[in-house]
1. Taking the stretch A:11-31, which residues are over 21 Å from A:G116 (Cβ atoms) and free of Cβ contacts under 8 Å to residues at least 24 places away in the same chain?
2. Can you say whether B:D223 is buried (at least 22 other Cβ atoms within 10 Å of the Cβ), acidic (D, E) and in contact with a Lys or Arg (Cβ under 8 Å, 6 or more places away or on another chain), as far as the supplied structure shows?
3. Let me confirm something: among B:V374, B:V398, which residue is over 30 Å from B:D314 (Cα atoms), within 13 Å of another protein chain (Cβ to nearest Cβ) and either of a type in the set (G, A, S) or touching a Gly at 6+ places or on another chain (Cβ under 8 Å) (or both)?
4. Name the one entry in B:A404, B:A358 that is within 18 Å of the chain's Cα centre (by Cα), within 23 Å of B:D44 (Cβ to Cβ) and more than 14 Å from chain A (Cβ to nearest Cβ).
5. Conditions: (1) touching a helix residue (DSSP H, G or I) at 6+ places or on another chain (Cβ under 9 Å); (2) closer than 21 Å to B:E172 by Cα; (3) among the aliphatic types (A, V, I, L, M). B:V380 meets all but one. Number of the miss?
6. Please state which one of B:A131, B:A90, B:A125 is of a type in the set (A, V, I, L, M) and out of contact with any helix residue (DSSP H, G or I) (no Cβ under 9 Å at 6 or more places or on another chain).
7. Do we find a residue being at pLDDT below 95, outside the structural domain of B:P205 (by TED's automatic domain parsing) and in contact with a strand residue (DSSP E or B) (Cβ under 7 Å, 6 or more places away or on another chain) anywhere in the stretch B:10-20?
8. Tell me, please, whether a residue that is under 27 Å from A:L98 (Cβ atoms), assigned to a loop (DSSP other than H, G, I, E, B) and out of contact with any strand residue (DSSP E or B) (no Cβ under 7 Å at 6 or more places or on another chain) can be found in the stretch B:414-421.
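The values are calculated or read from the model by the stated rules, or taken from the named source; none is laboratory data. Note that the structure is predicted; figures quoted are calculated from it, not measured. Here Cβ is always computed from backbone atoms with ideal geometry, including for glycine, and neighbour counts include all displayed protein chains.
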Amino acid sequence: MNIYEEDILDHYENPSNYGTLEHPDISYEEDNPLCGDQIRIDLQVEDGIITDLRFCGHGCTISLAAASMLTEEIKGKPLEEVKQLNKDDILDMLGIPLGPVRLKCGLLALKVLKAGAYGLKGWPGEEDEEAK
Amino acid sequence: MIGQRHYPNQVRIPMYPQPMNNPLNPLDIEAIRNDFSILKEENDLPLIYLDSAATSQTPDCVIEAMDAYYRTYNSNIHRGIYRISEEATAKHEEARQRIGRFINARRPSQIIFTRNTTESINLVAYSWGSANLREGDEILVTVMEHHSNLLPWQLLSQRTGAKLRFIEITDEGVLQLDDLERLLTERTKIVAMTHVSNVLGTINPVQELIAAAHAVGAKVLIDGAQSVPHFDVDVQELDCDFLAFSGHKMCGPTGIGVLYGKSDLLEEMPPFLGGGSMIRSVQRESSTYADVPAKFEAGTPAISEAIGLAAAVDYLNKVGLEAIFVHEQELLEYAHQKLNEIEDITIYGPKPRQKTGAITFNLEGIHPHDLAGVLDTVGVAVRAGHHCAQPLMQKYGVIATVRASFYLYNKLDEIDTLHEGLLKAQRMLTRRRR
């Protein structure tokens with residue numbers, strides 16, 4: 001399994017929901033201090049449902065492809081439901097295994113989403129490990 | 001007095017050695033590679049290891065020296081009154097002597113064992129720095145420092161109120177020394193600078209800067225992490241006050257580093273860490289301390305690692321630092337030539353012969369992590385990131401770069417594979433990106 005699968009490269013080259021919203025209900029931006037990747041996510045939320053969203057930023061194929069896939073996944077979903085998404089969901093979307101360094105690239109978008117939507121500041125997956 | 005000093009724009013770059021004056025037998029690379037088990041491993045992909053500036057590979061002789069300690073005389077040193085402890089003590093102290101000779105220290109007590117370069121620099125910043133610096137004093141560093149030679153001084157500056165000042169670099173990645181007289185004054189108490197940039201490979205004219213610093217009464221700490229492994233560093237010739245380096249970048253193990261210091265300074269300095277081994281006598285409220293180097297070596301040291309580092313030093317001596325330096329120059333020349341053929345490449349830092357060991361670059365529109373990721377698919381190990389040198393990245397206006405670094409065991413055809421891997425990355429990642 002190659003981390004440069006065609007599907008990932010397609011998302012990287014032509015990301016879905018790329019850009020910003022003019023009047024987002026939630027907008028949040030963060031970077032990965034390990035490599036400087038930066039992602040911003042804008043959400044429009046009506047009656048608890050994510051009706052529209054955009055992301056933008058710069059980063060490697062993994063971080064941008066994961067952001068693109070995540071936005072496709074959550075559009076139209078209840079904001080509360082999105083709270084349940086975690087590390088394994090992202091790995092399922094990407095469809096490839098990631099080593100510990102690239103894992104942070106893959107999880108950056110979800111981290112930004114959770115921080116913006118619920119004020120959860122940790123890396124997805126790590127809070128679970130602490131609880132175990 | 002300051003006005004009389006003269007700093008030409010083009011400072012003489014110390015070349016160790018002058019290759020023309022030292023005709024050498026070229027390295028027998030295949031024989032050298034045979035000394036490293038990891039390079040002989042049979043895998044689907046060859047290991048093309050171009051990350052020696054992060055950590056070098058370890059020859060079997062070093063592994064065997066450490067193995068022998070654990071298998072035949074594993075014991076704590078200094079106070080064991082029995083055969084194997086005496087043997088371990090003797091080997092540990094003999095290691096100090098051999099490592100001291102490697103950098104031409106006057107006496108073995110000037111070699112303090114630490115964990116790594118970072119700990120060596122922290123030792124000086126805490127011990128010497130806290131005792132000698134106060135508000136109004138200045139610490140001079142360069143913008144090309146590794147974080148390990150910046151953060152200890154930032155912390156010292158915050159503790160004491162001393163001001164941190166920076167020598168800038170030119171776009172070519174060499175120190176900008178025209179305004180040195182403004183930066184290096186009677187207020188400067190210490191100059192902390194790297195001998196070789198871990199990112200750009202630039203060899204800094206440290207000998208000239210040490211003389212200039214001494215002329216205003218400042219002490220000088222040289223970060224030798226990237227120089228000591230690659231060419232002859234002679235502390236008496238340089239006249240540096242402190243030199244810090246790490247074992248694992250010079251064919252030795254991790255967990256062992258060295259701080260060299262001038263004896264009078266080390267003797268005056270207060271201890272850094274307190275604990276066993278560093279004392280003369282201990283009372284309830286206060287203690288007296290052991291002589292150097294023991295004063296700075298609290299607790300059980302990394303015994304096998306010190307013995308391993310001495311084996312590494314013997315190995316480098318056997319191969320010959322001059323031959324290693326010349327070989328690396330050949331690799332660098334070839335790497336510059338091959339990589340310059342690639343469209344949309346930016347290579348940072350000076351040309352070969354002004355640098356050693358490393359070539360740092362970016363390809364337009366491709367994230368360094370992706371470049372490193374694609375190179376990994378063809379077996380090439382490089383480093384991508386900020387290389388613990390964020391102020392230098394900021395100077396070049398980039399977040400990260402890719403660095404390929406070389407050592408005695410690298411071959412020219414490995415650079416061909418690097419080149420092919422970069423072309424592959426370009427084909428994969430710059431197709432339709434908007």
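1. A:E13, A:N14
2. Numbers: buried (at least 22 other Cβ atoms within 10 Å of the Cβ): yes; acidic (D, E): yes; in contact with a Lys or Arg (Cβ under 8 Å, 6 or more places away or on another chain): no.
So B:D223 does not fit the description; no.
3. Details: B:V398 fails: either of a type in the set (G, A, S) or touching a Gly at 6+ places or on another chain (Cβ under 8 Å) (or both).
From the options B:V374, B:V398, the qualifying one is B:V374.
4. Values: B:A358 fails: within 23 Å of B:D44 (Cβ to Cβ).
None of the other options fit; the residue is B:A404.
5. For B:V380, the exception is condition (2).
6. Details: B:A131 fails: out of contact with any helix residue (DSSP H, G or I) (no Cβ under 9 Å at 6 or more places or on another chain); B:A125 fails: out of contact with any helix residue (DSSP H, G or I) (no Cβ under 9 Å at 6 or more places or on another chain).
Result: B:A90 is the single residue among B:A131, B:A90, B:A125 that is of a type in the set (A, V, I, L, M) and out of contact with any helix residue (DSSP H, G or I) (no Cβ under 9 Å at 6 or more places or on another chain).
7. yes
8. Scanning the stretch B:414-421, I find no residue that is under 27 Å from A:L98 (Cβ atoms), assigned to a loop (DSSP other than H, G, I, E, B) and out of contact with any strand residue (DSSP E or B) (no Cβ under 7 Å at 6 or more places or on another chain), so the answer is no.
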